[in-house]
Amino acid sequence: MQRIVKVFIVEDEIMIVETLKAYFERENFKVEYAENGADAIYRIKESTPDFVILDLMLPDISGEEICRELRRESDVPIMMLTAKTAVESRINGIEIGADDYIVKPFSPREVVTRVKGILRRVNKSYTGMLSSFNNKELIVDEEKQEVIVRGEVISLTPIEFKLLTAFTKNPGRAFSRLKLLEITQEDNFYEGYERGIDVHIKNLRKKIEKDSKDPTFILTVFGVGYKFGGQLDV
C-alpha cells in the first residue's frame, strides 16, 4: 500500500488554507501549510512533501522566488495559486518551474482533481492504489473502483467504497462517526445523522466479511466509531 501523500500549502489567507485542507483530508492526503515564504522554504525542505500548492502574493517573499528556490534542489510538483490573471504571469510561472497554475476564485474540488492528475503523470507509483489484505482475501483497486473479496468481484455503493478506502488507507486508525460522515458526503453537506453511518457499515460488513457479526476487517471501537483491522499483504 502506498504511503499517505503529503501536500504542502503556502498561502496567507487562512480561510483558503482551511478549505483546501478539508478537501484534501477528505481524500486522505496529509496536509501541512505555511503562511509566509521564509517559513515555507524551510519547512518544505525539511518535510519533503509530494506536492506544493503555492500562492504567488505572499507578505514577505514572492511565490515566484519560492518556486525558483525549490527548483534549485527539488523536482516536487508545484501548483501556483494566485489572483493574477494576465497570460504573461501564467507563462512566467510555468517557465520558472511550476507544473500548473490556477486562478482565484477557484473550486477546491478542481484543485484536488488537478493535483491527483499531476501526481499520476509524474509519479507512476501513484496510480489510485491497489492494496491487498489478509493474504489477498480483500483487494481494493481504487483506479478501477473495484473490490475483490475472496476472489470474487463485489458491488459496493459509492458511499461504501469511500468508507472502505478511507479505512484501508489508514489501518488501525479509529474514525468517529462524524468523521466518516464527512468523508462520505460532498461539499460539507451532510445528508443524515451520524448514526446513519452504522447502516452503511452494516451493509459493508455483509459484503466483505466472512461473518458480519464477528468481523475481521471493519472493527467497532466502542465509544468512538470504527477502525480497519485487516493486515496489509507485503
Original post:
Where in segment 93-152 are there strands (runs of 3 or more DSSP E), lying wholly inside it, with at least 3 residues that are under 26 Å from CYS67 (Cα atoms) and either at pLDDT below 90 or of a type in the set (D, E, K, R) (or both)?
Top reply: 100-103
**OP:** Kindly indicate whether ALA22 is in contact (Cβ under 8 Å) with a residue 12 or more places away in the chain and surrounded by 16 or more Cβ atoms within 10 Å (Cβ to Cβ).
**Re:** no
**OP:** Evaluate the following for GLU35: is it more than 13 Å from ILE9 (Cα to Cα) and of a type in the set (D, E, K, R)?
**Re:** no
**OP:** Quick one: count up the residues across segment 20-74 that are part of a loop (DSSP other than H, G, I, E, B), β-branched (Val, Ile, Thr) and modelled with pLDDT of 90 or more.
**Re:** 0
Original post:
So how many residues does segment 29-49 have that are on the phi > 0 side of the Ramachandran plot and surrounded by 16 or more Cβ atoms within 10 Å (Cβ to Cβ)?
Top reply: 0
**OP:** Consider LYS202 carefully, then state whether it is surrounded by fewer than 17 Cβ atoms within 10 Å (Cβ to Cβ) and outside any loop (DSSP other than H, G, I, E, B).
**Re:** yes
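The values are calculated or read from the model by the stated rules, or taken from the named source; none is laboratory data. Nothing here was measured: the structure is a model prediction, and the numbers come from that model. Every residue, glycine among them, receives a Cβ derived from its backbone with ideal geometry; neighbour counts consider all protein chains shown.
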